[in-house]
Structures are given as C-alpha cells and as structure tokens.
1. Here is a check on your reading of the model: is Lys162 in contact with a Phe, Trp or Tyr (Cβ under 9 Å, 6 or more places away or on another chain), surrounded by 15 or more Cβ atoms within 10 Å (Cβ to Cβ) and of a type outside the set (S, T, N, Q)?
2. Being under 20 Å from Ala150 (Cα atoms) and β-branched (Val, Ile, Thr), is that true of even one residue in segment 392-413?
3. So, in segment 38-57, of the ones that are in contact with a Phe, Trp or Tyr (Cβ under 7 Å, 6 or more places away or on another chain) and in contact (Cβ under 8 Å) with a residue 40 or more places away in the chain, which residue ends up farthest from ligand 1 (Cβ to nearest atom)?
4. Given the conditions (1) within 16 Å of ligand 1 (Cβ to nearest atom); (2) open to solvent by 10 Å² or more (accessible area, probe 1.4 Å); (3) not hydroxyl-bearing (Ser, Thr, Tyr), and given that Gly307 satisfies all but one, which numbered condition is not satisfied?
5. Looking for something open to solvent by 10 Å² or more (accessible area, probe 1.4 Å), β-branched (Val, Ile, Thr) and within 14 Å of ligand 1 (Cβ to nearest atom) - is there at least one such residue anywhere in segment 231-241?
6. Only one of Thr155, Thr146, Thr172, Thr165 is closer than 30 Å to Leu421 by Cα and within 16 Å of ligand 2 (Cβ to nearest atom); which?
7. Could you run through segment 110-133 and say how many residues are loosely packed, with under 14 Cβ neighbours inside 10 Å and in a loop (DSSP other than H, G, I, E, B)?
8. When both residues are 6+ apart or on different chains and their Cβ atoms are under 6 Å apart, which pairs have a first residue that lies in segment 173-194 and is among the acidic types (Asp, Glu), and a second that is surrounded by 20 or more Cβ atoms within 10 Å (Cβ to Cβ) and part of a loop (DSSP other than H, G, I, E, B)?
Amino acid sequence: MTKKLFIKTYGCQMNVYDSARMTDVLGGQGYATCATPEEADLVVINTCHIREKAAEKVYSELGRLNALRRFRRSEGRDLRIAVTGCVAQAEGGEMQRRAPFVDLVVGPQAYHRLGDLVAALEATKTQAIDTEFPVVSKFDALPAQTSSAAAAFLTVQEGCDKFCTFCVVPYTRGAEYSRPFADVHAEAERLVELGAREITLLGQNVNAYHGERADGGRCSLGELVRRLAEIPLLQRIRYTTSHPLDMDADLIRAHAEVPALMPFVHLPVQSGSDRILAAMNRRHRADDYRRVVDALRDARSDIALSGDFIVGFPGETDADFAETLQLVDDVGYAHAYSFKYSPRPGTPAADHDGQLTDTVKEERLAALLAKLETQRLAFDKTMVGRTLDVLLERGGRKPGQLAGRSPYMHAVHVDAPKSLLGSVAAVEVVAANPNSLTGRLAR
Ligand code: 5AD
Ligand code: SF4
C-alpha cells in the first residue's frame with residue numbers, strides 16, 4: 001500500500017521548490033501526496049524563519065499535529081512528523097526540547113537525506129536531527145523531477161553572503177552557492193519536457209548567480225537567461241529575488257533583448273533612507289536603487305516593479321520613514337511587500353539601540369501599505385482594455401474558467417476551455433478586481 005505524505009509549506013518560493021523536491025525524494029520511499037494531515041502517515045512542515053511570526057506559527061502547527069498523533073495512536077495507527085526548512089536549521093536540538101514528539105528535524109541543505117532518515121524512522125523509530133551543510137551539494141543527490149507545473153520553479157542559487165543586519169538567511173541557508181550551468185540547463189530542459197512553459201529561476205540572491213561553465217568560466221544570470229531562452233517551448237523566464245547591487249548591465253540588457261524574459265522584477269529596497277540603508281548594511285544608497293530602476297525602464301519601458309520594505313528598523317525616525325514614502329512615490333510599484341521590523345536572535349540589528357515600539361511600527365506600516373495599495377490599484381486599472389499574454393495554469397474561480405498569470409504577475413481569470421490549460425493565451429482584460437483581473441479570450 002502506498003503511504004501518504006502531507007507537506008505544508010511556509011515562506012518563500014524557494015521553500016515551494018524544496019517541498020516539490022522532497023516530494024520526489026519521499027516518492028522513492030513509497031510516499032504519495034495527500035490533501036490533508038488527517039489522511040497522512042507522514043507530515044512534513046517546511047518552515048520559514050525570516051520573521052518571528054513565521055517561526056512561531058510552526059510551534060502552534062506542531063501542537064495541533066501532536067494532538068492528531070495522540071488521537072491516531074489511540075486508534076492503533078501512527079503519524080510521523082518531520083520539520084524541515086529554516087526553522088529546523090536555526091532551532092536544531094532546541095526544537096526537540098520544545099516539541100519532543102517531532103521525529104525528524106532536517107535543514108534546507110540536508111533534505112536529500114530525508115529518504116534514508118524516514119526509512120530509519122520506520123524501521124527502528126530512530127529520531128534524528130540533520131542540520132549539516134554537506135560538502136556534496138544536495139542537488140547532486142536529488143532524484144530527477146517526475147512532474148512539473150506549467151509555471152515551474154528552479155533553484156539556481158542558494159544562500160547569501162550579504163549579511164544585511166536584520167536577516168537570518170546567511171545563517172539558515174549558509175554561504176552563497178551557484179549551481180553549475182550544465183545542471184541548471186538540464187533541469188530546465190527536463191521541466192519543459194514535463195510541461196513547463198514558464199520557469200522562475202530562484203535564489204535568495206539570484207542575480208549574484210555565477211554558475212560554473214564547462215570551460216571553467218562563470219555564467220552570469222544574464223547569460224543564463226539568454227541560454228535558457230533558446231530552449232524550444234520555454235516561453236517565459238522570470239527570476240527572484242534580486243539585490244540592487246548585483247543588477248548588472250548584462251542582466252538589464254537581457255530585459256531589452258530577450259522576449260521570453262518577463263517584464264516584472266522583484267527588487268527589494270527595504271528603506272528609502274541612506275542612514276537606515278547603511279545601518280542595514282545594504283551597501284547601496286537610495287539613489288543607487290533609483291538609478292537601477294531607471295536603467296531597467298530604459299531597457300524595457302513597460303517593466304513592472306515589486307519590492308520589499310521593512311518599517312521600524314532600529315533608529316528609524318519620522319524623517320527616515322518619510323524618505324521611504326518618497327522613494328515609493330519616485331519608483332511607482334506594481335506590487336510590494338512590507339513588513340514590521342522583527343528582531344531575529346543572532347542577527348546584529350537585534351542588538352542595535354533604538355528599537356521601536358510596535359505602535360510606531362504599526363502606524364508606519366499602515367501608511368506605507370496605503371500608499372503601495374493605491375499604486376497597485378492604479379497600475380492594475382491601466383490593464384483594462386489591454387490584451388495580455390496569460391499562461392493558463394489552473395482552474396479558475398468559477399466553473400468554465402481558467403486562471404493564470406499576466407507578464408506582470410497579475411492573477412487573471414478567463415472563460416476558456418480546459419484544452420488551453422498549460423498554454424499561453426491572448427486575453428483582453430475587461431475588469432480589475434481587488435486582487436485579480438478578469439478577461440476574455442482575444443480572437
Ligand atoms: N524583519 C522584518 N522583515 C524582514 N525581512 C527579512 N528579515 C526581516 C526582519 N528581521 C523581509 C525583507 C526581505 C523579505 C524576504 O523579508 O524585506 O526582503
Ligand atoms: Fe537577507 Fe537578502 Fe540581505 Fe541576503 S541580501 S542578507 S537574503 S535580505
């Protein structure tokens with residue numbers, strides 16, 4: 001009998017990719033995925049540690065799972081529980097103290113060993129913690145994908161050497177590492193064979209990509225994009241997340257020259273104040289960021305920008321925050337994420353003077369969100385009446401509808417036959433809703 005696996009994924013798209021790869025690994029142990037923890041023999045919680053809220057959610061989720069397990073055991077069945085991802089990495093043994101019922105704690109660089117760990121758990125009830133950074137890359141040990149969505153993710157780079165003072169990533173994901181060009185290319189070809197028409201290249205610092213080439217040289221992200229664009233049937237390429245410092249001229253030029261490279265760039269800036277950017281160790285000023293945005297728009301005038309912002313960083317004054325609002329006005333975002341600063345244990349900023357109250361953070365967050373929301377809605381409105389290419393990836397909200405993404409990342413719903421699933425269709429936008437667009441197939 002096949003065993004049932006339920007994976008719950010928190011956090012970024014890299015975790016979504018990792019969860020898909022863990023599904024492949026556990027498929028080798030006879031596990032097939034199911035839709036709820038109630039049906040599962042093994043539950044994997046793939047966690048995020050970026051902000052405190054994200055990490056705390058894990059423990060409440062684990063509490064619920066423990067209750068489910070007790071109930072199961074009263075019925076003579078078992079439930080196995082594994083925690084993976086960045087909370088697993090950061091907490092390690094601490095997790096087994098706070099939640100001793102967790103069977104496996106496996107970090108993001110060690111999940112290729114999940115199959116063996118699960119086998120040992122089944123055979124001898126051996127609980128384990130594996131938060132090593134192995135010398136051999138996990139990518140070499142992972143089984144090949146056996147299925148792909150129309151819009152697929154492909155991790156090309158991991159880790160970060162930037163050490164922004166607020167961020168846990170350099171500690172949980174480790175030093176920056178780029179996968180060799182040939183491996184990335186082979187995986188992209190495989191995903192396309194399996195039906196992918198769009199690939200989003202992923203990395204914590206994706207535009208720092210410098211994968212080794214067969215000739216021993218290094219391949220930049222711009223070059224990678226150009227090479228992948230030559231794969232027949234691959235219609236769209238995206239990449240995320242980028243650091244402004246690594247936005248080099250070649251990558252910017254690729255936006256002008258490679259039609260498959262989508263006109264949407266997620267480019268976090270965090271703050272518009274040079275003083276705060278310095279305290280964050282971002283290594284660029286607000287005007288450097290403005291210049292990158294201008295260069296992107298010179299390369300491709302319709303490029304849509306998305307960003308990340310942190311409000312209430314230690315020492316942030318009203319004047320600093322006003323500079324963030326000014327930067328938002330200057331850039332004009334299609335979309336953005338904003339967060340209240342969350343002190344993360346072990347990061348330098350957690351010990352900075354001038355920690356702000358939650359009230360101040362809330363006020364600034366509300367002001368920033370209001371401005372960003374106004375920009376987003378205005379941007380979405382400009383889409384009405386336009387015909388956009390939409391990659392139809394899934395069923396829509398209503399029967400008879402399909403849904404997918406515009407080049408600018410809008411969710412678009414359209415009446416369309418199922419036969420169009422997995423293909424790019426021209427869609428005329430008829431309405432901009434609060435969180436999506438509605439369109440009709442254009443003839
Ligand atoms: N507090 C608040 N937001 C944070 N981010 C990263 N670390 C923190 C933190 N300690 C945000 C940044 C980053 C995004 C992924 O999460 O904006 O770009
Ligand atoms: Fe974290 Fe991004 Fe800064 Fe790296 S560049 S430390 S991942 S915020």
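The values are calculated or read from the model by the stated rules, or taken from the named source; none is laboratory data. What you see is a predicted model; the values in this text were computed from it and never measured. Quick reminder, even Gly has a Cβ in these numbers, built from the backbone with ideal geometry, and neighbours come from all protein chains shown. What goes into the accessible areas is simple: the full protein's heavy atoms, side chains included, and nothing from ligands, DNA or RNA. Shrake-Rupley method; radii C 1.70, N 1.55, O 1.52, S 1.80 Å.
1. In short, no.
2. yes
3. Residue satisfying both the conditions and the ranking: Leu42.
4. Going through (1) within 16 Å of ligand 1 (Cβ to nearest atom); (2) open to solvent by 10 Å² or more (accessible area, probe 1.4 Å); (3) not hydroxyl-bearing (Ser, Thr, Tyr) one by one, Gly307 breaks only (2).
5. yes
6. The match here is Thr155.
7. Matching residues across segment 110-133 total 3.
8. Matching pairs, first to second residue: Glu176/Gly159; Glu176/Cys160.
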